[in-house]
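Shown next, in structure tokens, is the structure this report addresses.
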Amino acid sequence: MRFTQLPARLLFGFALTASAAIAQCPDEPTLEHWTGNGSTTCPCFVAGEEAGSVFTAPAAHYPIEILRVGFGWGSQFGGAPTVLEQAIKIYPGGLPNPGIPQYTVAGPTLNDGFINEFDLTLHPGNRVINSGPFTVTLEFMNSNSGQLFDPSLVHDGNGCQPGKNVVKAIPGGWSDACGLGVSGDWQVHVIYRQVNCGNGNIGTNYCLPAVANSTGLEAGIVATGSELVLDNDVTLEAVNLPLNQF
């Protein structure tokens, strides 16, 4: 594997903007391992290989819904054309083998010199992770091995944390990227939210005006069910109403 140092500049920007929130749980702090402003590109992959990061959210947050993922993408001198790669993948496990991908988005487009962020809520599929660790990768469509001026996935170049960076090589399969000589953490990040931050009650009692009726109680509407739209199990219940009356 061969590595080339990028200019000492921060890769920034977004490929796509976030969509409107579809649940009440707020976005949690971004998960990422990389640090610093320095960047190192790795023109060392062939078509079909994957590279990415292993993440673990706080135990109390699970299950979680992955909303957006980002990949640092760059070349030695910058200005390379936009590149279409094979896929973004989410795996339900970590090293030594993350397992079978549970979510795939085909055809991500990456821009040189940016952290390209992708809104996964725009694409159907199972983005719910029930426990950690989990793995997010970029699968390559284009071979860039040995091509020093081609763009590729970027790492921070300031030390590789074992167990948090992966490569799926052809041949060879899954490996810890640090063991292959990668000298930093991949610039990959994940934005997520909890699925059950409301403990199963996705709303609050609602009644206008909040006055007692003939039962002596305040009527209300209570929403229960999952905060994940894909579960499609929300129930609205009217409570404390007089019998046989509108």
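The values are calculated or read from the model by the stated rules, or taken from the named source; none is laboratory data. Everything quoted here is computed from the prediction, not taken from an experiment. Note that each Cβ is placed from the backbone with ideal geometry, even for glycine, and that neighbours are counted across all protein chains shown. Side chains included, ligands, DNA and RNA excluded: accessible areas come from the protein's heavy atoms. Shrake-Rupley method; radii C 1.70, N 1.55, O 1.52, S 1.80 Å.
Simple spin-label model, 7 Å along Cα-to-Cβ: SER145 to ASN126 in nm? Placing both labels 7 Å along Cα→Cβ, they lie 3.3 nm apart. Ligands, DNA and RNA left out, the accessible area of the range 82-160 computed with a 1.4 Å probe is 54% carbon and sulfur. For the range 36-99, the Kirkwood radius over C-alpha pairs fed into Stokes-Einstein at 37 °C and 0.692 mPa s yields D = 219 µm² per second.
For the listed peptides 42-54, 58-70, a ranking on the average number of other beta carbons within 10 Å per residue, highest first, reads 42-54, 58-70. Positive contributions from Lys and Arg (+1) and negative ones from Asp and Glu (-1), summed over other residues with Cβ under 12 Å from the Cβ of ILE191, come out at -3.
When only alpha carbons are used to place a centre, the range 156-171 and the range 42-91 end up 12 Å from one another.
For a test of the definition: using alpha carbon positions, the gyration tensor, and the 1.5 limit on a/c, classify the range 102-143 as rounded, prolate or oblate. Prolate is the answer for the range 102-143, as a/c is 1.5 or above and a/b outweighs b/c. As an equivalent ellipsoid, the range 61-198 spans semi-axes of 25, 18, 14 angstrom, where each value is the square root of five times an eigenvalue of the C-alpha gyration tensor, largest first.
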